[in-house]
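The values are calculated or read from the model by the stated rules, or taken from the named source; none is laboratory data. For clarity, every value in this text was computed on a predicted model and none was experimentally measured. With ideal geometry, Cβ positions are generated from the backbone for all residues, glycine too; neighbour counts draw on all protein chains shown.
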Amino acid sequence: MALARTHAVALLGLDGSLVEVEADISGQLPAMVLIGLPDAALSEATQRVRTAAKNSGCPLTRNKLTVNLSPAALRKHGSGFDLAIALACLAADEVVSPESVGEVVHLGELALDGRLRPTPGMLPAVIAATKLGYTTVMVPLGNADEAALVPGVRVVGVASLRDAAIWHGAKLEPLRVEAIMNVTEEEEDPVEPDLADIVGNEDGILALQIAAAGGHHIFMLGPPGAGKTMLASRLPGLLPDLDAAAALEVSSLRSLAGRHVGTSLVTRPPLESPHHTATAAAMVGGGSGLIKPGAASRASHGVLFLDEAPEFASSVLDALRQPLESGVISIHRANAIAHFPGRFQLVMAANPCPCGQFGSAEQTCACPPSSRRRYLARISGPLLDRIDIQLDVRRITAAQLRLANDRPGLTSAIARSRVVAARAAAADRLAGTPWKVNGEVSGPWLRGPQARLDPSATAALDRALERGGITMRGYDRVLRVAWSIADLDGVLRPGREQVGQALYLRKGMTP
Amino acid sequence: MADKDDLGRRGEHYAADFLAEAGYRILARNWRCQQGEIDLIVERGGEVVFVEVKTRSSEAFGHPFEAVTVAKLARLRRLAAQWCDAAQPRPARIRIDVVGVIAPNRGETRVEHLEGVF
């Protein structure tokens, strides 16, 4: 047989589609032609495959090889097709068994000596292969742990093309080679910073717990050095562990971003804090040719922290409105649409004015009122609309520092257990609705018969609405936060105290 | 004479014998003109075949076929056109083939033939 086929996976965003790799041998001078819209890196596969095969002791045919990647109209990127191309070529030459090769999905890049290199995006590719009904995948040994994280798939990790050919029935002697492993990058400190490090700032600690319990987006306003960043970096530590589906998604995004995944799924919520010079493509994803996930996608199921939020370009901030609304980031290109998950918890921090001193007791602000107004107006109204909690963070006084030394603070572990209990209570109440946490619940549901509060409990809120202090939308937001506070306090429904606290967490915010 | 020229000559002999055995009639060997040389010109069934012969003593540095480049074939194509201009009668059909000869110093010589490569 001069024709053989096998399978590989082409990724677009996190979605993979199956690519059939066909190889045909025809009686002409040695050549290898690769068709089916490969990009530059993939076109060079012809050189890698021919050399790797020769150095593995199973040279390709000396006739002409035509390799087709089908569907031919789908653009294909990267070097992950090398193994599939090599095995299709060997199967066409009957060096390996065409039947065996045809039933397996092959992923991985070849080195010139025939060894297999770990390839980024392995996890989403294996997930896609499983979804498409394939039960066996062959991957580089350096990726085998990562591929094995996907349930219900048989992973064959091979160190070299020679091993792969032997597995598929080639009559070769096994040759031990040193497998190429992932460079284990310096694992960033797995210990999450603890809430107990925070001195004073009782309001802040409470607001963080409420935000974690209800999945509320949060906006922190305060002078430099007040501890905004310190607070924000402790929010992921308060969130519960990721469930199985979320863990797989977070790990897939890590894999796609070319970062090390390791031998177990990521179970802690990620924290992404892009610098304020980030472009829209860096924030939501993009890139020419290959579409990569941005910071907002990598923060999915975790926290996206924007320090110095008014310094971000307004177009970048507004690009976040779509994911905040739908939980999905769609990136459109002329020839494709890539979808990435984008359900993150947004934390923004800002100084109250360009010089940062406005409202602080120690120094006076030098900014004219107009520039102060302009500064915060850079965060657009529609974006602020989605933020339930605004927090004033103040600098610590010497007295607070002395007090804190006497009293140990709340630890993250205790706070997290409170948050987990509160989320369980909310999930119980919201069973049968499309929502899981209070931050997602719609206003009409909150005001409907199933959740209506006592008039005595909402008296302060109603008065604020009558006076024009808040709008209807603001009213709903206060209710949402009040429910989260009630869940944290372990009471069945929010009373006067919880509503008051929720109202306090909106002070100074746009109506 | 350099060893490699000798090897080339030996290879061309092997190729000619191989083709003759396969029923081809040899029209010319090492046909030369100003622009170059055609190793072998043979004929079978009214089709004239221009043959590039490539000889190597081993496969250590690749198969002989790998040394036949597109530029070399293009030159062969031009030379073939020149030969046809001079030929009487003009051939009805022509073809360009490559014969690869692996002729080790000791051991079996192997000859491989690719038809219609260009």
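In table form, for the structure just shown:
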read-out	value
Residue in region A:445-462 that is within 16 Å of A:HIS216 (Cα to Cα), buried (at least 18 other Cβ atoms within 10 Å of the Cβ), in contact (Cβ under 8 Å) with a residue 12 or more places away in the chain and not acidic (Asp, Glu) present	yes
Yes/no for A:LEU60 being within 14 Å of another protein chain (Cβ to nearest Cβ), in a loop (DSSP other than H, G, I, E, B), free of Cβ contacts under 8 Å to residues at least 60 places away in the same chain and within 30 Å of B:GLY62 (Cα to Cα)	yes
From the options A:LEU74, A:LEU65, A:LEU90, residue that is assigned to a loop (DSSP other than H, G, I, E, B) and in the same structural domain as A:ALA159 (by TED's automatic domain parsing)	A:LEU74
Test: A:ARG343 is modelled with pLDDT under 85 and touching a strand residue (DSSP E or B) at 6+ places or on another chain (Cβ under 9 Å)	no
Any hit, region A:417-425, residues being surrounded by fewer than 15 Cβ atoms within 10 Å (Cβ to Cβ), within 19 Å of A:HIS217 (Cβ to Cβ) and in contact with an Asp or Glu (Cβ under 6 Å, 6 or more places away or on another chain)	no
Of all residues in region A:14-54 being part of a loop (DSSP other than H, G, I, E, B) and in contact with a Leu (Cβ under 8 Å, 6 or more places away or on another chain), the one that is farthest from the other protein chains (Cβ to nearest Cβ)	A:LEU14
Members of region A:426-444 found to be surrounded by 16 or more Cβ atoms within 10 Å (Cβ to Cβ) and part of a helix (DSSP H, G or I), listed by number	A:ALA426, A:ARG429, A:ASN438, A:GLY439, A:GLU440
Region A:265-296 - residue that is of a type in the set (D, E, K, R) and in contact with a strand residue (DSSP E or B) (Cβ under 7 Å, 6 or more places away or on another chain) and, of those, farthest from A:ASP318 (Cα to Cα)	A:LYS292
A:LEU376 vs. criteria outside the structural domain of A:GLU325 (by TED's automatic domain parsing), in contact with a helix residue (DSSP H, G or I) (Cβ under 8 Å, 6 or more places away or on another chain), of a type outside the set (Asp, Glu) and in contact (Cβ under 8 Å) with a residue 24 or more places away in the chain	no
Residue among A:GLN498, A:GLN400, A:GLN450 that is outside any loop (DSSP other than H, G, I, E, B) and closer than 27 Å to A:PRO240 by Cβ	A:GLN498
Subset tally (residues that are over 28 Å from the mean Cα position of the chain (by Cα), farther than 13 Å from A:ALA45 by Cβ and either outside the structural domain of A:ALA148 (by TED's automatic domain parsing) or surrounded by fewer than 22 Cβ atoms within 10 Å (Cβ to Cβ) (or both)) for region A:105-134	1
Test: residue in region A:316-324 that is touching a residue at least 24 places away in the same chain (Cβ under 8 Å), of a type in the set (Lys, Arg) and touching a helix residue (DSSP H, G or I) at 6+ places or on another chain (Cβ under 8 Å)	yes
